[in-house]
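Please treat every number below as a calculation from the coordinates, not as lab data. Here the structure is a predicted model, which is why all the values come from computation and not from measurement. In this analysis, Cβ positions are derived from the backbone assuming ideal geometry, glycine residues included, and neighbour counts consider all displayed protein chains.
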Amino acid sequence: MRNREDGAARWLHDNAAVGTSLTAGPPSNTFEIDPTSDNHVLIAGGVGITPILAMALELAERGASWHLLYIGSSRQEMAFLEHLRGVRERVTVWETASRGRPDVPAVVSEWIDGASTALYCCGPAGLVESVSSDFSGRDDVRVLSERFTATTELGGSFEVELNRSGGRIRVPDGVSVLDALEERGIDIPWSCRAGICGTCETPLIAGRTDHGDSLVGTTRADDVCFPCVFRAADDDVIVLDI
């Protein structure tokens, strides 16, 4: 299954029919509740409430320590507020139409307790980038976020060496490593093709890369990369365990 621009949904729409054989696996989750944290701060902007809502209700059911800042234009335009009525004492609803944009660090600072606080953010790119910038340097907060779209540009050409299958491939400017591998007949599991889900994680043997993914807050090791988005740093030849 392959489509460079529109993903699996477009491929299914255009190609799947009665009798088509499909291979499916369990869903992966790279934006989940941190099991090592005793305290949880949730920040949702607009439709970013979708994954955050599930987290909030799960944390409430567990009896965990948590708070939610839900930012939107007005209550009339903010989804799922009714689902939060039972836990409203833990929820701060911020209407930007009447209050302007919040100073997020100031609002959530009193919710950060101890060195095991996990902060989760989902929403527009500006909000995610601001929260990541404000908190990622703190030792007492672990920041996890989910973006709607990737921000990577596939610039520059470079070579990739295939350690197990042998040979090298040239990855042209504007073409992903994943696409180049598929052109060579090498299939790697993938889902988003945008550096968001982590499905195409591949062992990296040698070479310096610009990771390019948006897996903020995950335990990404230095010896892995994501062929859908990574690029070579400088003129390094990238060696993959493929």
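Note on the chain: Rg/Rh from Cα positions, Kirkwood definition for Rh, rounded to two decimals, is 1.03. Think of each Lys and Arg Cβ as +1 and each Asp and Glu Cβ as -1; about the Cα centre, that makes the dipole of the chain roughly 560 debye. Each stretch of four or more DSSP H residues adds -39500 (n - 2.57); spread over every residue of the chain, this sum gives -5500 deg cm²/dmol at 222 nm.
Along the charge dipole of the chain, Cβ charges K/R +1 and D/E -1, which of GLY114, CYS192, ALA44 sits furthest on the positive end? Toward the positive end, the furthest listed residue is ALA44. Taking Cα centre as origin and charging only the Cβ of basic (Lys, Arg, +1) and acidic (Asp, Glu, -1) residues, the dipole magnitude of region 55-174 rounds to 220 debye.
Computed over the chain with a Gaussian network model linking Cα atoms closer than 10 Å, the most mobile of VAL104, VAL177, VAL41 is VAL104.
For ILE205, nonlocal amide neighbours, meaning residues 5 or more places apart or on other chains whose placed amide H falls under 5 Å from its own, are VAL239, LEU240, ASP241. Taking the DSSP beta bridges with both ends in the chain, the antiparallel portion is around 25 percent. Available extension along the chain between ASP241 and ARG101 is 45.8 nm, counting 0.36 nm per residue and deducting the alpha carbon span. Ordered from longest to shortest, the equivalent ellipsoid semi-axes for region 1-111 are 35, 19, 13 Å, each the square root of 5 times a Cα gyration tensor eigenvalue. Toward the positive end of the charge dipole of region 1-136, with +1 on the Cβ of Lys and Arg and -1 on the Cβ of Asp and Glu, the farthest Cα among VAL128, SER21, ALA60 is that of SER21. Close amide H pairs (under 5 Å, H built 1.01 Å from N) link TRP66 with HIS40, residues at least 5 positions away or on another chain. Label sites at ARG170 and SER136, each approximated as a point 7 angstrom past Cα along Cα to Cβ, lie 3.4 nm apart. Look at the dipole of the chain built from charges on Cβ: of LEU181, GLY100, HIS83, the Cα furthest out on the positive end belongs to HIS83.
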